[in-house]
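Data block below; observations after.
Nothing in this text is a laboratory measurement; each read-out follows from the coordinates by a stated rule. Values in this document were obtained by computation on a predicted structure and should not be read as measured data. As a convention, Cβ positions derive from the backbone with ideal geometry for all residues, glycine included, and neighbour counts pool all protein chains shown.
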Amino acid sequence: MTAFRSVFVLLPWAVLSAALADPTSAANACQQIAASVSTASGVFYPGTLPYPRDVTHWASSSSQNATCSFEPGTAEDLGKALNVISTLRTPFAVKGGGHTTNPGFSSTTGVQIALSRFSDVVYDPESQTATIGAGLTWDTVYAALDPLGVNVVGARGPGVGVAGLSLGGGMYDRVWAINNFVLRTDRRIFVPHKSVRFDC
């Protein structure tokens with residue numbers, strides 16, 4: 001009941017913050033981000049590619065038209081963008097896989113951060129560790145690891161993002177997953193005798 005109640009508390013806040021978003025602040029933030037990040041990252045506006053992919057979610061009810069989308073290519077660029085957003089107090093949202101049904105949960109009318117460039121899956125057989133990009137969906141991760149004969153704990157359904165589910169976005173899978181692994185501050189998840197590292 002607590003989780004259900006919190007949705008009703010958060011949903012009006014998300015709608016209210018979107019309604020109060022200052023479009024001038026968001027446009028200024030987009031310009032400052034574009035000027036401060038490396039060429040590994042990109043800022044995109046409505047009418048350009050890949051903006052539509054960055055703002056589109058699994059459920060159309062959760063998609064919003066952001067002032068711009070930002071695809072960080074490095075953790076350093078993501079940090080620079082968050083610094084600009086924080087300084088200008090600009091509304092933003094972070095989209096991993098985009099598997100949500102609620103507007104404002106991973107969508108915004110401000111700056112949409114799309115983690116799609118964090119898309120590597122690297123397996124180290126010696127340490128039995130998989131480094132998984134936060135912009136992937138779990139079905140993509142499974143497809144990359146299956147030929148190697150290994151697997152990881154993740155979502156049961158297709159299209160669910162690594163970032164959202166790993167950070168507690170998946171209500172059904174989370175109940176099982178929380179009882180079977182621990183997320184540490186160094187971005188490692190420990191499963192009995194296995195380790196998975198999330199790269200973002």
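Annotations for the structure displayed:
- Sparsely packed loop sites in segment 87-145 (the trypsin sites (Lys or Arg not before Pro) outside DSSP H, G, I, E and B with at most 11 other Cβ atoms within 10 Å) comprise Arg89.
- Extension gain, Ala59-Ala27: 0.36 nm per intervening residue step, less the Cα-Cα distance, totals 8.9 nm.
- Relative contact order, percent, segment 23-114 [alpha-carbon distance under 8 Å, six or more residues apart]: 37 percent
- Inter-centroid distance (Cα atoms) of segment 22-59 relative to segment 106-157, Å: 23 Å
- Cβ-based net charge around Thr48, under 15 Å, with every Lys or Arg adding one and every Asp or Glu removing one: -1
- Efficiency of FRET between Asp124 and Thr74 - r from beta-carbon atoms, R0 22 angstrom, step 0.05: 0.55
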